[in-house]
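Beneath this line is the structure, given in structure tokens, with notes to follow.
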Ligand code: B12
Ligand SMILES: Nc1nc2c(ncn2[C@@H]2O[C@H](COP(=O)(O)OP(=O)(O)O)[C@@H](O)[C@H]2O)c(=O)[nH]1
Ligand SMILES: [Mg+2]
């Protein structure tokens, strides 16, 4: 076994041989056939490197072995050497049929999970017949009805693929998808995936388009939905806590991690207060982060986050179940680092960001298109983004070794330093009375705004060089820039007509009754809102109709705007 | 677009007819202090005194803007039109400002019976802007039933609001730390109504109690200052607040020349005299003033005497400089 | 004609349509404030009529629309509505994600300037100030 000399870990007889042995056992049990890995020079590459001679146990306490506390080095014994991350490209455009065509191609090109991005009007909770036609279908797919969802998922085996729904509270897309599955005779117990936009607190703070219901209303729906899914769709992750919005809105990486963990604490406390068992519900918590181009900082952010979460769930919630201590996360390369100028440079940037995410130990990833600053990705740029992941996965030998940066003097010390920063942010939020209160008062919004302005000043002053923007500028030919064609207005009109037809074909008595039941559920604390929502979808209710009822009863989502 | 200017009635006529665009433009003219201001103000004078002017003051974050929003809703529900002048602080260094009060009043944007104008303090101390009194007059002339002044609320003495408003509302919120303290420091004296906003927060009852205890120490006057609890978000207590405002306005309107309108006029006069004097003293080439300056410098005369001399000189000649 | 402003420029910084990105608009509000302007800042999702009502009541010199999620496609409607309300002198600038092709359409509809990602503080402030002076000079006196 190779050894890494580390100043913090003096030499002597190894005290964590036992822990190593345990990991090795787990590793072999899980990995199946372990093909020997050699580098281009023929050197055999071990799955993990560690200081086998640390006498005071500091290694085990701070880093440990993959899959064992504190999970700094990874949440599974095998990590990417066993199973690589899922490639979850976010896609959505135009009509459901356009999405379906596109997603099939993406799946064929290597993506292993699918993600649906709906149109902006869907995020706002409005049906397409109430939106100005110019802005329909420009950023995502129009999904207003169960029929729309059925078309989106045509020929796609819902039960064989992991599905990510960009579906904010009150989770109408999930309700529609479950009804589609039901009609296709698919057992809900086989449906796997994530509501990756369930984090209404992050919407209130940083992603206003998704913010549909008032904070209190969204909180209620969230808890009802989680309880319902735990019972009926047990392999669905009801909680994805999103640090990406806050980092993209301007939070530093440490702030974003701290705020996300504070949000997770808030949700966990809410679930606990509802009588749910942390040992169970924490198993289904997943996270969603931004990966900036600040390479080592991002790696350290993820390693520190993993360690903090692992300890925090036992300290605050008394959790012992190892599965509930795993810090599972999806990550997306940051669009904020990408430039409109010299757009092909973005391929290099995305590659670096993606590497930081992989070496940081992510479970799932989206890579941005090089045309990020021009429009939602063209087919060409989406292909390059997927290929980038394939290249990193299969050509670059990044997955041979678990946590390959572990043990680097720099990365370990940076991980410690980031941990301190992140814990400081969590302490600040605790002092504000928790995340819920800290966002209601605008504390978090102000913190993020100040960081955003500070960063912008660094770019403006040239202190932070951005190639093509404030340095190495070139005259560019505007007509050479890629730009996604907008959906045709004719198609959009057809979509609106289609909705009108679907609406007219419903049984009005059945529909009204279901909407009335939904209203009743919202009013009464004892009736599960999400169950009523599924019934409403079964009765043909549209997105807009469902959201309207819930807005009436639970409050319209008005963000706290802080200038 | 066709040319409207040809038959368009004059600004004054349109203002008196209550046209939004005319009121907005008139406020800009007053704010920019252009040459036509004096004539405009003179012309509207006969049309003033109909509205009731309500001042909202209190520390930042107490919920003034949110409460004004709810108050507008309540008054609209009673069939009254409302104009609001909301003042935010200008940066003392750059002079710039972000005027965010109306973010909280967004639901009234499209209501023709509501007019909202954001004003920057532009270095003026006292919680309002230098032009606030005249802005209130313009709103009055435009026929609004209720005029709301929201002050900066950064702990200034806010006496101006006291002079200009028929009804002075002082707002605090539980848990803002030392705001009860700040209220002690003088602002209590001007309040007609004390509001503890955010009544949904845990310490609200205690704050109400503290304020009531403080009021009990004051000599009884002809108006008993009520302490009201409100929740500006769900609008609890707004009906009581509006009732109290109407009640107070009715009692104050009967009191004669030193009412709020008189106060506004007096404040306008004081400001204008000061500004006129400042301009002349700084810009005139005048031997008398030069002499007074050098006398002052050499401590030949006191400041009191100097003021008298300069004022007499200014009265003698208007055309100098 | 003045080539300086007699009072601070008044600028409405707002968002129309469905978009909610506000990192850029908050930065712009701070830029303009720091340059001595008075910024009226709003909630997102303003209807075109609401922008006109705001511009009218606040008697602004410049309207700045920040648009990242294609809502700039509604700006031509705003230009028509402003004209109809007698606010033809008010200058409109748009910033955010605006494809080149759309930029040409916006300029043709009367937008004064489009700012793209990478625009720097100094250029933004200088241009808005210049436009405020122009608007102020054209503002009808009554
Ligand atoms: C950050 C970001 C987010 C954050 C927003 C956080 C926040 N609170 O603002 C989050 C993660 C929440 C987000 C979400 C979404 N986003 Co987004 N996002 C971005 C991203 C990566 C950067 C935008 C940014 O803030 N840049 C930094 C700021 C400082 O720059 P800026 O706003 O461009 O401002 C500069 C100039 O443009 C100009 N300017 C801007 N506004 C104004 C106004 C005035 C008056 C002036 C003078 C100048 C000016 O000056 C500024 C300084 O230079 C862009 C891609 C990109 N790189 O631009 C995508 C992007 C804008 N997002 C996009 C989309 C589609 C979305 C979503 C709808 C995603 C989805 N479908 O699920 C959601 C909805 C967002 C919402 N709430 O409305 C698309 C829009 C596609 C299009 N236009 O065709 C983009 C282009 C990405 C892409 N290629 O797909 N996003
Ligand atoms: N809980 C609660 N919050 C309120 C209430 N009134 C206002 N707020 C919140 O307090 C904050 C500051 O309000 P704002 O009206 O801007 O205060 P201002 O600075 O005094 O004008 C905002 O977040 C409001 O939503 C209330 O009655 N209860
Ligand atoms: Mg205010």
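Take the residues in region B:17-26 that are buried (at least 19 other Cβ atoms within 10 Å of the Cβ) and more than 7 Å from chain C (Cβ to nearest Cβ), then tell me which one is farthest from residue B:111 (Cα to Cα). By that ranking, first place goes to B:26.
If the condition is being outside any loop (DSSP other than H, G, I, E, B) and touching a strand residue (DSSP E or B) at 6+ places or on another chain (Cβ under 7 Å), then region A:115-161 contributes A:115, A:116, A:118, A:141, A:152.
Yes/no matrix, rows are residues, columns are (1) on the phi > 0 side of the Ramachandran plot; (2) more than 7 Å from every other protein chain (Cβ to nearest Cβ); (3) within 11 Å of the chain's Cα centre (by Cα); (4) assigned to a loop (DSSP other than H, G, I, E, B):
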{"position": "C:33", "(1), (2), (3), (4)": "no, no, no, no"}
{"position": "C:36", "(1), (2), (3), (4)": "yes, no, no, yes"}
{"position": "C:44", "(1), (2), (3), (4)": "no, no, no, yes"}
{"position": "C:56", "(1), (2), (3), (4)": "no, no, no, no"}
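Of all residues in region A:107-124, those satisfying the criterion of being in contact with a helix residue (DSSP H, G or I) (Cβ under 7 Å, 6 or more places away or on another chain) and either more than 10 Å from chain C (Cβ to nearest Cβ) or modelled with pLDDT under 85 (or both) are A:109, A:110, A:111, A:114, A:116, A:118. In this structure, residue C:94 does not qualify as more than 16 Å from ligand 2 (Cβ to nearest atom), in contact with a helix residue (DSSP H, G or I) (Cβ under 8 Å, 6 or more places away or on another chain), more than 10 Å from chain A (Cβ to nearest Cβ) and under 16 Å from residue C:10 (Cβ atoms).
Scanning region A:131-160 for residues that are surrounded by fewer than 16 Cβ atoms within 10 Å (Cβ to Cβ) and touching a residue at least 60 places away in the same chain (Cβ under 8 Å) yields a single hit, A:133. From the list A:417, A:438, the one residue that fits, being more than 16 Å from ligand 1 (Cβ to nearest atom), touching a residue at least 60 places away in the same chain (Cβ under 8 Å) and over 17 Å from residue A:243 (Cα atoms), is A:417. Residues in region B:85-108 that are part of a strand (DSSP E or B) and more than 10 Å from chain C (Cβ to nearest Cβ): B:85, B:86, B:87. One residue stands out among those in region C:1-31 that are outside any loop (DSSP other than H, G, I, E, B) and farther than 15 Å from residue C:129 by Cα: the one that is nearest to ligand 2 (Cβ to nearest atom), which is C:26. Check A:468, A:406, A:449 and return the single one that is within 12 Å of ligand 1 (Cβ to nearest atom) and either surrounded by 20 or more Cβ atoms within 10 Å (Cβ to Cβ) or under 30 Å from residue A:138 (Cα atoms) (or both). Within the list A:468, A:406, A:449, the selection yields A:449.
With respect to (1) over 20 Å from residue B:191 (Cβ atoms); (2) modelled with pLDDT of 80 or more; (3) in contact with a helix residue (DSSP H, G or I) (Cβ under 8 Å, 6 or more places away or on another chain); (4) in a helix (DSSP H, G or I), the lone exception for residue B:266 is condition (2). The residue that is nearest to the other protein chains (Cβ to nearest Cβ), among those in region B:72-84 that are over 20 Å from residue C:46 (Cβ atoms) and assigned to a strand (DSSP E or B), is B:83.
Within region C:61-71, the set of residues being within 13 Å of chain A (Cβ to nearest Cβ), crowded, with 23+ Cβ neighbours inside 10 Å and either under 10 Å from the mean Cα position of the chain (by Cα) or closer than 24 Å to residue B:99 by Cβ (or both) comprises C:64, C:66, C:67, C:71. Of all residues in region A:453-463, at least one satisfies being more than 28 Å from residue C:102 (Cα to Cα) and outside any helix (DSSP H, G or I).
Checked against (1) within 13 Å of chain A (Cβ to nearest Cβ); (2) in contact (Cβ under 8 Å) with a residue 24 or more places away in the chain; (3) surrounded by fewer than 24 Cβ atoms within 10 Å (Cβ to Cβ), residue C:16 passes all but a single condition, namely (3).
For region A:445-471, the set of residues classified as touching a residue at least 60 places away in the same chain (Cβ under 8 Å) and farther than 30 Å from residue A:432 by Cα consists of A:466, A:467, A:468, A:469, listed by residue number. A count restricted to region B:29-64 and to residues that are surrounded by 21 or more Cβ atoms within 10 Å (Cβ to Cβ) and out of contact with any helix residue (DSSP H, G or I) (no Cβ under 8 Å at 6 or more places or on another chain) stands at 1.
Just one of the numbered conditions (1) more than 16 Å from residue A:542 (Cα to Cα); (2) touching a helix residue (DSSP H, G or I) at 6+ places or on another chain (Cβ under 9 Å) is not true of residue A:514; which one? Going through the list (1) more than 16 Å from residue A:542 (Cα to Cα); (2) touching a helix residue (DSSP H, G or I) at 6+ places or on another chain (Cβ under 9 Å), residue A:514 breaks only (1).
Residues of region C:90-118 that are assigned to a loop (DSSP other than H, G, I, E, B), surrounded by 20 or more Cβ atoms within 10 Å (Cβ to Cβ) and more than 9 Å from ligand 1 (Cβ to nearest atom): C:90, C:111. Residues that are within 22 Å of residue A:335 (Cα to Cα), more than 13 Å from chain B (Cβ to nearest Cβ), under 13 Å from the mean Cα position of the chain (by Cα) and crowded, with 17+ Cβ neighbours inside 10 Å are absent from region C:77-89.
When the criteria are applied in full, residue B:53 fails the requirement of being more than 16 Å from ligand 2 (Cβ to nearest atom), more than 10 Å from chain C (Cβ to nearest Cβ) and assigned to a helix (DSSP H, G or I). Filter region C:46-60 for residues that are touching a residue at least 40 places away in the same chain (Cβ under 8 Å) and farther than 18 Å from residue B:104 by Cα and give the result. Across region C:46-60, the qualifying residues are C:59, C:60. The residue list A:251, A:256 contains one member that is within 14 Å of chain C (Cβ to nearest Cβ), farther than 22 Å from residue A:118 by Cβ, assigned to a loop (DSSP other than H, G, I, E, B) and within 14 Å of ligand 1 (Cβ to nearest atom), which is A:251.
The values are calculated or read from the model by the stated rules, or taken from the named source; none is laboratory data. Computed from a predicted structure; not experimentally measured. Quick reminder, even Gly has a Cβ in these numbers, built from the backbone with ideal geometry, and neighbours come from all protein chains shown.
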